[in-house]
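Report on the structure given below.
The values are calculated or read from the model by the stated rules, or taken from the named source; none is laboratory data. This one's a predicted model, so the numbers in the text were calculated from it and none came from an experiment. When we count neighbours, we look across all protein chains shown, and the Cβ atoms used for this are built from the backbone with ideal geometry, even at glycine.
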Amino acid sequence: MNPQVRLSSLALWRSRLFSTPLDSAISLVVLAALVWAFAPLVRWALINATWAGETRADCAPGGACWVFIKARFGQFMYGFYPAAERWRPNLFLGLVVAGIVPLFWLHGRARLALGLAALLALPVLGVWLLGGGLGLRPIETRDWGGLMLTLFIAVYAGLIAVPLGILLALGRQSRLPLVRTLSVVFIEFWRGVPIIAVIFLASLLLPLIMPAGVGVDRLARAVIGLGLVIAAYMAEAVRGGLQALPKGQGEAASALGLGYWQTTGLITLPQALRISLPAMTNEFIALIKNTTLVLVVSILDLLGIAQGSLADPAWVGMNMEAYLFSGTIYWLICFALSRWSRSLEAGGPRSH
Amino acid sequence: MLRRLYYDARVRDLFWQIAISVGLVALTIFFVRNASQNMVNAGIASGFDFLWRSSGIDVPFVLTSYTASDSIWALFWAGVANTVFVSVIAMVLATIMGFLIGLARLSSHWLLSTAAGAYVEFVRNIPLLFFVLFWYFGVIAALPQPRDSLGFFSAIFLNNRGLTVPSPLDGSVFRWALLAILLAFAAQWLVARWAAARKARTGQDAPVIAAGLMLCLAVPLLALVIAARATGWDMPQPGRFNLRGGFVIIPEFVALLAALVTYTAGFVAEIVRGGIASVVKGQREAAASLGLRPGQILRFVVVPQALRVMIPPMTSQYLNVLKNSSFGAAIAYPDVVSLFMGSALNNTGQAIEIIAMTLAVYLFFGLIVSALMNWYNARIALVTR
């Protein structure tokens with residue numbers, strides 16, 4: 001039995017920070033460093049900051065000018081997407097939430113049906129709602145931007161990466177030597193080159209290898225490039241799950257007379273995916289972080305908009321505000337996902 | 001007959017593989033024909049002849065003897081050198097910083113481990129490009145003008161144009177110092193081998209650590225000090241408006257290095273923590289009950305087992321540093337991506353050749369790093385009989 005010693009909070013802090021002379025010394029040094037680093041930051045970002053106002057002139061010197069973020073909030077979220085049409089991305093986000101949230105309550109066939117319908121319909125619907133055409137005002141991808149674009153790139157590159165990654169992972173374990181070799185070469189090639197180079201490559205080579213006259217949208221090139229690289233990383237995540245699965249599962253299915261695709265689709269893959277879900281989530285976090293690289297081909301995602309806003313003559317010297325705001329958003333998204341991935345890991349795979 | 005063929009696994013395997021090959025070859029032919037057609041339309045000749053043309057591109061930070069009148073081939077190598085330079089320094093610094101943070105995270109001191117944990121959670125969930133831009137446009141741009149440089153020991157000066165350090169007038173003495181250092185390392189290797197053999201024979205410990213400190217720390221330090229005294233130095237002098245003399249490390253390098261190190265250290269810290277935590281408590285307790293001292297427990301029981309867990313993820317972190325050094329292209333650090341895939345490609349339009357060469361650089365160095373780490377991994381792997 002563990003004796004439960006209840007300490008008063010003061011005693012608890014004393015035991016944590018000052019239980020021995022060495023501990024006390026370390027505590028003081030760390031505390032001093034924290035105060036040295038964070039006191040100016042807190043003073044600047046909170047205490048001396050200006051929250052209300054309209055222009056730069058309203059901001060007090062020596063503090064953060066959050067008026068800047070307020071004035072440009074629309075751009076941080078939507079880029080140069082016309083203000084009158086911003087209901088379209090909002091509606092799409094609502095549809096995505098409406099399509100995904102019920103999956104947590106539904107079971108069995110209803111869940112499968114809704115999941116498949118959402119997976120097939122939503123991506124097409126999204127391109128139509130955001131891009132326009134067929135009755136909606138067309139809006140070129142050049143005008144898309146901000147957080148909306150970051151999420152768009154991450155989700156659509158993910159839609160390429162996950163199925164392709166699963167196929168590659170299966171290919172890497174295939175009985176056919178040709179399929180195995182091709183998968184290994186594909187995976188190792190894309191994992192070996194920098195993503196920034198791949199985005200350059202996609203934006204230069206995709207138009208080149210298409211028949212003359214067939215254009216590939218600038219944004220689509222970046223999404224395809226990112227999707228291919230992340231597929232290679234996803235493949236390794238899925239392979240981990242496939243290898244963690246006891247061999248008997250596949251063998252038992254074969255013994256029952258199931259063919260390769262039946263064994264894979266009904267027995268091994270569902271279990272393997274459940275095991276590799278945390279690893280796949282981590283790859284998705286990496287994908288979100290890497291969407292920022294589209295900056296090098298002048299596509300303005302959240303970080304790109306923040307970077308671009310530094311050049312506005314009406315708001316000179318807002319570097320820190322822009323970085324702090326955009327960095328916090330990235331951090332919140334990735335931190336939430338990583339917590340979710342960790343809770344999946346802690347829950348562990350369901351027994352098979 | 002046909003039915004038998006249809007159900008024959010070997011025939012079916014062969015059929016699918018032929019079908020896939022035909023499909024891939026057809027796709028490749030389609031792409032290559034389109035590409036050559038498009039290049040003819042755009043008036044670009046394919047081939048590597050462009051490499052011998054004069055580049056005319058000025059590079060602000062060169063480690064090779066490249067100048068703007070040299071060929072594009074020389075420009076390529078100047079870029080490769082810059083990529084390798086920043087990657088290697090970042091690997092070393094990130095390893096050191098990551099180890100310190102990882103150990104702090106494992107410390108029994110509550111505040112220390114919490115602060116280290118907060119750091120790890122902070123850097124791991126933010127894009128690297130954010131750090132690169134932040135260091136470049138946020139921190140270094142906010143540093144003082146050259147005339148108000150921050151000086152350290154009146155030898156090193158930091159300002160918004162970069163870091164100015166003294167440069168040696170005669171670099172050749174450092175070659176001798178390097179030779180002495182390599183000899184010391186070789187000697188240490190021999191000493192360690194001799195000590196291991198002696199221990200296996202007699203069971204006695206030799207003072208390897210003391211010898212190692214001598215040979216791997218004192219001798220290199222001494223060699224560097226002697227070399228530094230033997231040559232004259234071009235010291236940076238604060239002038240009225242600018243610094244004179246010295247070697248200027250450009251701000252792009254400083255920003256990229258700072259971003260790479262602070263970001264990668266967060267990942268290294270997690271690897272270190274995971275590696276040491278993976279050694280089960282019983283191992284330490286068993287070693288202690290056998291009478292090993294804490295230092296011996298760490299050296300003979302914990303570290304060898306932790307290293308085994310740490311090497312594979314460390315390999316991928318080193319590969320990441322190499323690949324991530326290309327983030328410098330976003331702030332125009334003259335690495336191979338920004339010089340060759342950026343400037344040279346813009347000037348010549350030879351997209352396919354230039355992209356292939358750039359990717360080959362990363363694949364080649366990636367293979368070298370993997371090979372080195374695999375060799376090291378094989379050396380420390382558990383020998384099972």
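Of the residues that sit in the range A:322-343 and are among the polar types (S, T, N, Q) and free of Cβ contacts under 8 Å to residues at least 12 places away in the same chain, which one is farthest from the other protein chains (Cβ to nearest Cβ)?
Once the filter is applied, the top-ranked residue is A:Ser343.
Answer yes or no: is there a residue in the range B:99-108 that is within 7 Å of chain A (Cβ to nearest Cβ) and part of a helix (DSSP H, G or I).
No, because not a single residue in the range B:99-108 is within 7 Å of chain A (Cβ to nearest Cβ) and part of a helix (DSSP H, G or I).
Can you tell me which residue in the range B:274-290 is farthest from B:Ala116 (Cα to Cα), limited to those that are exposed (fewer than 10 other Cβ atoms within 10 Å of the Cβ) and modelled with pLDDT of 90 or more?
B:Ser289
Filter the range A:207-251 down to residues that are over 23 Å from A:Gln271 (Cβ atoms), in contact (Cβ under 8 Å) with a residue 12 or more places away in the chain and over 24 Å from the mean Cα position of the chain (by Cα), then give me how many there are.
1
Conditions: (1) under 26 Å from the mean Cα position of the chain (by Cα); (2) at pLDDT below 90; (3) within 21 Å of B:Gly98 (Cα to Cα). B:Pro251 meets all but one. Number of the miss?
The one condition B:Pro251 does not meet is (3).
Under the condition of being surrounded by 12 or more Cβ atoms within 10 Å (Cβ to Cβ) and touching a strand residue (DSSP E or B) at 6+ places or on another chain (Cβ under 9 Å), which residue from the range B:1-54 is nearest to the other protein chains (Cβ to nearest Cβ)?
Ranking the candidates gives B:Leu51 first.
Is there a residue being under 28 Å from A:Gln243 (Cβ atoms), of a type in the set (Asp, Glu) and out of contact with any Lys or Arg (no Cβ under 6 Å at 6 or more places or on another chain) anywhere in the range A:132-142?
no
Give the residues of the range A:275-321 that are of a type outside the set (D, E, K, R), at negative phi, over 18 Å from the mean Cα position of the chain (by Cα) and more than 9 Å from chain B (Cβ to nearest Cβ), sorted by residue number.
A:Ile275, A:Val297, A:Gly308, A:Ser309, A:Ala311, A:Pro313, A:Ala314, A:Trp315, A:Val316, A:Met318
So B:Leu103 passes all but one of these: (1) touching a Lys or Arg at 6+ places or on another chain (Cβ under 7 Å); (2) in the same structural domain as B:Leu307 (by TED's automatic domain parsing). Which condition number does it fail?
That leaves (1) as the condition not met.
What residue, among those in the range B:115-130 that are of a type outside the set (A, V, I, L, M) and within 9 Å of another protein chain (Cβ to nearest Cβ), is farthest from A:Val296 (Cα to Cα)?
Result: B:Glu121.
Could you grab me the full set of residues in the range B:331-349 that are touching a residue at least 24 places away in the same chain (Cβ under 8 Å) and outside any loop (DSSP other than H, G, I, E, B)?
Within the range B:331-349, B:Ile331, B:Val336, B:Val337, B:Ser338, B:Leu339, B:Phe340, B:Ser343, B:Ala344, B:Asn347, B:Thr348 qualify.
Could you please give the count of residues in the range A:18-74 that are among the basic types (Lys, Arg), assigned to a helix (DSSP H, G or I) and modelled with pLDDT of 85 or more?
The number of residues fulfilling the criteria is 2.
Residues that are in contact with a Lys or Arg (Cβ under 8 Å, 6 or more places away or on another chain), among the hydrophobic types (A, V, I, L, M, F, W, C) and either without any contact (Cβ under 8 Å) to a residue 60 or more places away in the chain or at positive phi (or both): does the range A:184-192 have at least one?
yes
Can you find even one residue in the range B:226-243 that is hydroxyl-bearing (Ser, Thr, Tyr) and either in a helix (DSSP H, G or I) or over 30 Å from the mean Cα position of the chain (by Cα) (or both)?
No, the range B:226-243 contains no residue that is hydroxyl-bearing (Ser, Thr, Tyr) and either in a helix (DSSP H, G or I) or over 30 Å from the mean Cα position of the chain (by Cα) (or both).
Regarding the range B:55-65, can at least one residue be identified that is among the hydroxyl-bearing types (Ser, Thr, Tyr), surrounded by 13 or more Cβ atoms within 10 Å (Cβ to Cβ), within 14 Å of another protein chain (Cβ to nearest Cβ) and within 21 Å of B:Leu359 (Cα to Cα)?
No, the range B:55-65 has no match at all.
The rows are residues; the columns are (1) assigned to a helix (DSSP H, G or I); (2) over 16 Å from the mean Cα position of the chain (by Cα); (3) crowded, with 18+ Cβ neighbours inside 10 Å; (4) within 14 Å of chain B (Cβ to nearest Cβ).
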| position | (1), (2), (3), (4) |
| --- | --- |
| A:Thr150 | yes, no, yes, yes |
| A:Ile153 | yes, no, yes, yes |
| A:Tyr156 | yes, no, yes, no |
| A:Ile160 | yes, no, yes, no |
| A:Gly165 | yes, yes, yes, no |
| A:Leu168 | yes, yes, yes, yes |
| A:Gly171 | yes, yes, yes, yes |
| A:Arg175 | no, yes, no, yes |
| A:Thr181 | yes, yes, no, yes |
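Considering only the range B:132-179, state which residues are within 30 Å of A:Ile196 (Cα to Cα), assigned to a strand (DSSP E or B) and within 25 Å of the chain's Cα centre (by Cα).
Within the range B:132-179, B:Leu158, B:Gly162, B:Leu163, B:Thr164 meet the criteria.
Okay, residues lined up against (1) aromatic (Phe, Trp, Tyr); (2) loosely packed, with under 14 Cβ neighbours inside 10 Å; (3) free of Cβ contacts under 8 Å to residues at least 12 places away in the same chain:
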{"position": "B:Ser149", "(1), (2), (3)": "no, no, no"}
{"position": "B:Phe153", "(1), (2), (3)": "yes, yes, yes"}
{"position": "B:Phe174", "(1), (2), (3)": "yes, no, no"}
{"position": "B:Leu179", "(1), (2), (3)": "no, yes, yes"}
{"position": "B:Trp189", "(1), (2), (3)": "yes, yes, yes"}
{"position": "B:Trp194", "(1), (2), (3)": "yes, yes, no"}
{"position": "B:Leu213", "(1), (2), (3)": "no, yes, yes"}
{"position": "B:Val219", "(1), (2), (3)": "no, no, no"}
{"position": "B:Ala223", "(1), (2), (3)": "no, no, no"}
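Out of B:Ile352, B:Ile368, report the one residue that is part of a helix (DSSP H, G or I) and surrounded by fewer than 16 Cβ atoms within 10 Å (Cβ to Cβ).
The unique qualifying residue is B:Ile368.
Quick one: which residue in A:Met280, A:Met318 is of a type in the set (A, V, I, L, M), touching a strand residue (DSSP E or B) at 6+ places or on another chain (Cβ under 8 Å) and farther than 12 Å from A:Leu147 by Cα?
A:Met318
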